[in-house]
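The values are calculated or read from the model by the stated rules, or taken from the named source; none is laboratory data. What you see is a predicted model, and the numbers here were worked out from it, not measured in a lab. Note that each Cβ is placed from the backbone with ideal geometry, even for glycine, and that neighbours are counted across all protein chains shown.
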Amino acid sequence: MNAHRTLFGWLQATPLALVMIAFLVAPIVMIVIVSFWGATEFSIYPAFQFDNYQFLFGSPVTYKVFLATFKYAAVTWALTLLIGFTVAYFLAFHVRSQTMQIALFLLCTIPFWTSNIIRMISWIPFLGRNGIANTALQNWGLIDEPLEWLLYSDFSVILAFVHLYTLFMVVPIFNTMMRIDRSLLEAARDNGASGAQILRHVIIPLTKPGIMIGTIFVVTLVMGDFVTVRFMSGSQSANVGRLISNDIALLQYPSAAATAVVLLATVLIIIAVLLRFVNIRKEL
């Protein structure tokens, strides 16, 4: 009987396993294989060599690009965490009506009803030299001349990242906060804990799984995003995604594959470190 149940379980898992192998495992394996191939100006030839990795790790540009990628990811993570935690905290603990919670949560999702490209490009006329922001600041007498760093800079890149990915931090944190037993907060108040102490010793520890899930979403999305960096920096900055995109545009697929493998390994290491701090399986 147990053997039949085991066999039935494997049969149930087979379709999903086949889909995972076809659309996840096989492409990754192919990228790893191609990363060892060679390329000339006119062709790509199968081989097993480490030239792509030697060139990648031997170039100072690689380290600068990875450093810029980590910088974008770290700053975006900090800002999205601050905004996402605040929004989720307000929705979970200060909005009493469930109907109002749903309405406000849906309000947060309205920007996601349009394309990421549209939302990102919409910042350009706002932040431009003669855009709305500079015009308003000059009319208010706060500045004498337009601020050049508002657009095509690291500021605009991070601003776009925060705009695009904050909701990925709000959703898991809000979901975790809604699962917190309110009797724990009442018990803390009855024992004389202040609002700050309740936040620090009760809410934040119980919200760690949601924070970690949001962190994984935001960090992985930022590290792989190259379109935002290209448009919002005016092609003046680069991240690892841009590096891969440029290699593909030049038909240097083995070099692009090697960079993708290193990026994938880096992201997996970051995720593994994050998973050491909290058991996300309980949250899922």
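Here MET178 clears all of (1) crowded, with 16+ Cβ neighbours inside 10 Å; (2) in contact with a helix residue (DSSP H, G or I) (Cβ under 6 Å, 6 or more places away or on another chain) except the condition numbered (1). Just one of the numbered conditions (1) more than 26 Å from SER43 (Cβ to Cβ); (2) exposed (fewer than 12 other Cβ atoms within 10 Å of the Cβ); (3) modelled with pLDDT under 90 is not true of ALA249: (1). Only one entry in GLY234, GLY241, GLY195 is at pLDDT below 85, of a type outside the set (S, T, N, Q), within 18 Å of VAL65 (Cβ to Cβ) and out of contact with any His (no Cβ under 7 Å at 6 or more places or on another chain), namely GLY234. Looking across the stretch 109-136, just one residue is touching a helix residue (DSSP H, G or I) at 6+ places or on another chain (Cβ under 6 Å) and under 30 Å from ILE180 (Cβ atoms), and that is PRO111.
Of all residues in the stretch 25-40, those being part of a helix (DSSP H, G or I) and either under 30 Å from ILE158 (Cα atoms) or of a type in the set (Ser, Thr, Tyr) (or both) number 2.
Residues are listed down the side, and each one gets a yes or a no for (1) surrounded by 11 or more Cβ atoms within 10 Å (Cβ to Cβ); (2) part of a helix (DSSP H, G or I); (3) out of contact with any His (no Cβ under 8 Å at 6 or more places or on another chain):
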site	(1), (2), (3)
PHE23	no, yes, yes
PHE42	no, no, yes
GLN49	yes, no, yes
GLN54	yes, yes, yes
TRP77	yes, yes, yes
ILE83	yes, yes, yes
VAL87	yes, yes, yes
ARG96	no, no, yes
THR109	yes, yes, yes
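Scan the stretch 144-155 for residues that are loosely packed, with under 12 Cβ neighbours inside 10 Å and either within 34 Å of the chain's Cα centre (by Cα) or among the aromatic types (Phe, Trp, Tyr) (or both) and the total you get is 2.
Of these, ARG242, ARG276, which one is surrounded by fewer than 16 Cβ atoms within 10 Å (Cβ to Cβ) and among the basic types (Lys, Arg)? Give the steps one after another, and end with the answer.
Values: ARG242 fails: surrounded by fewer than 16 Cβ atoms within 10 Å (Cβ to Cβ).
Answer to the selection: ARG276.
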